[in-house]
Amino acid sequence: MRYALISDIHANLPALEAVLADIDGRTDVAAVYHLGDLVGYAPWPDEVVAALRARAIPGVAGNYDSTVAADYEHCGCRYEDARQEELSHLSYEWTRAHVSAGTKRWLGGLPFRIDIRPLGGHTAGPRVILVHGNPVLNTVYWTEDRPDRFCLQMAGQLGAKAGDVVAFGHTHKPWHRAIEAIHFVNAGSVGRPKDGDWRAGYALVDVGGEDVGVEFVRVEYDIERAAAAIRESGLPDDFAQYLDTGGMPRAHATDAG
Ligand SMILES: [Fe+2]
């Protein structure tokens with residue numbers, strides 16, 4: 001079974017549309033799942049949620065989704081200096097002010113975790129386990145430099161075993177590694193990549209056969225449409241520049257998210 005995993009769309013509708021078109025062009029994708037952080041930083045929170053709902057794409061709650069839904073005091077994003085903190089709050093307040101009540105309710109209903117069994121529930125495995133950031137808290141960043149020990153601890157929290165896939169996002173940087181035959185997959189980010197590549201990113205995961213396969217896909221999208229809409233929306237212009245650089249630091253670029 002081949003699954004497409006789309007994460008951290010962050011209200012970037014042109015990026016989502018390009019990724020969904022790319023997936024539609026493939027004949028071998030059994031299902032699409034999202035890994036959360038549907039809103040924040042770009043001006044299409046309602047439209048992104050509507051697009052996922054229209055296609056009945058299931059997925060988990062990201063920190064941005066649950067904090068917006070719960071009117072929490074902040075989005076649970078990391079920031080490293082005062083400017084980043086300011087930008088983070090501006091994005092959060094803009095998003096809270098612009099999402100519809102229906103979107104908010106729907107975000108609040110997203111599950112924290114989804115388990116998929118490609119061979120069916122009548123066998124013990126393998127499983128694909130989806131969370132947004134980490135099995136305990138969605139605000140913890142599970143970066144590629146985490147030691148094997150950390151990854152196995154997380155697998156233990158989830159009850160993952162050899163042959164299973166644990167998939168997540170949150171850091172906006174794709175990576176894959178297998179430790180003791182458990183596959184850890186960060187699906188990257190559709191709408192706000194941070195690895196220096198501006199193109200929308202998602203992951204294809206093959207499970208249920210001889211071996212687990214993971215492929216990272218990058219898709220060009222209408223970034224000018226996204227940048228122009230950000231500038232017109234009242235969101236900080238920094239977010240348009242951030243998309244353009246793929247999250248690489250430049251003057252005033254923020255790492256929050
Ligand atoms: Fe995110």
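Once segment 248-257 is narrowed to residues that are within 16 Å of the ligand (Cβ to nearest atom) and either open to solvent by 10 Å² or more (accessible area, probe 1.4 Å) or in contact with a Cys (Cβ under 7 Å, 6 or more places away or on another chain) (or both), the residue that is modelled with the lowest pLDDT is Ala253.
One residue stands out in segment 171-189 among those that are aliphatic (A, V, I, L, M) and on the phi < 0 side of the Ramachandran plot: the one that is nearest to the ligand (Cβ to nearest atom), namely Ala187. Going by the conditions given, is Ala200 more than 13 Å from the ligand (Cβ to nearest atom), under 18 Å from Asn12 (Cβ atoms) and either surrounded by 16 or more Cβ atoms within 10 Å (Cβ to Cβ) or of a type in the set (A, V, I, L, M) (or both)? It is true that Ala200 is more than 13 Å from the ligand (Cβ to nearest atom), under 18 Å from Asn12 (Cβ atoms) and either surrounded by 16 or more Cβ atoms within 10 Å (Cβ to Cβ) or of a type in the set (A, V, I, L, M) (or both).
Counting only residues that are acidic (Asp, Glu) and touching a Lys or Arg at 6+ places or on another chain (Cβ under 9 Å), segment 216-235 holds 1 of them.
Are any residues in segment 13-43 more than 12 Å from the ligand (Cβ to nearest atom), of a type outside the set (A, V, I, L, M, F, W, C) and open to solvent by less than 10 Å² (accessible area, probe 1.4 Å), and if so, which ones? Passing the criteria: only Pro14. For segment 160-176, does any single residue satisfy the condition of being within 21 Å of Tyr33 (Cβ to Cβ) and surrounded by fewer than 16 Cβ atoms within 10 Å (Cβ to Cβ)? Looking for residues that are within 21 Å of Tyr33 (Cβ to Cβ) and surrounded by fewer than 16 Cβ atoms within 10 Å (Cβ to Cβ), one finds at least one in segment 160-176, hence yes. For Arg192, are the conditions met, namely being open to solvent by less than 70 Å² (accessible area, probe 1.4 Å), of a type in the set (D, E, K, R), within 23 Å of Val19 (Cβ to Cβ) and under 17 Å from the mean Cα position of the chain (by Cα)? Yes; evaluated as a whole, the condition is true for this residue.
The residues listed here are Ser66, Ser88; of these, the one that is over 14 Å from Gly36 (Cα atoms) and in contact with a Phe, Trp or Tyr (Cβ under 9 Å, 6 or more places away or on another chain) is Ser88. Residues that are hydrophobic (A, V, I, L, M, F, W, C) and within 21 Å of Gly76 (Cβ to Cβ): does segment 204-220 have at least one? No, there is no match, as no residue in segment 204-220 is hydrophobic (A, V, I, L, M, F, W, C) and within 21 Å of Gly76 (Cβ to Cβ). Residues that are part of a loop (DSSP other than H, G, I, E, B), within 16 Å of the ligand (Cβ to nearest atom) and at pLDDT 95 or above were ranked within segment 44-73; the one that is most open to solvent (accessible area, probe 1.4 Å) is Trp44. Note on segment 100-133: residues that are among the polar types (S, T, N, Q) and surrounded by fewer than 14 Cβ atoms within 10 Å (Cβ to Cβ) amount to 2. Among the residues of segment 217-232, those that are open to solvent by less than 30 Å² (accessible area, probe 1.4 Å) and touching a residue at least 24 places away in the same chain (Cβ under 8 Å) comprise Val217, Val219, Tyr221, Ile223, Ala226, Ala229, Ile230.
Of all residues in segment 171-211, those that are part of a loop (DSSP other than H, G, I, E, B), under 23 Å from Asp145 (Cβ atoms) and not hydrophobic (A, V, I, L, M, F, W, C) total 13. Would you mind stating whether His10 is within 16 Å of the ligand (Cβ to nearest atom), free of Cβ contacts under 8 Å to residues at least 24 places away in the same chain and either in contact with a helix residue (DSSP H, G or I) (Cβ under 8 Å, 6 or more places away or on another chain) or in a helix (DSSP H, G or I) (or both)? When the stated conditions are applied, His10 does not pass them.
The values are calculated or read from the model by the stated rules, or taken from the named source; none is laboratory data. These figures come from a predicted structure and were not determined experimentally. Positions of Cβ are backbone-derived with ideal geometry, glycine not excepted, and every protein chain shown enters the neighbour counts. We work out accessible area using only protein heavy atoms, side chains counted, and drop any ligands, DNA or RNA first. Shrake-Rupley method; radii C 1.70, N 1.55, O 1.52, S 1.80 Å.
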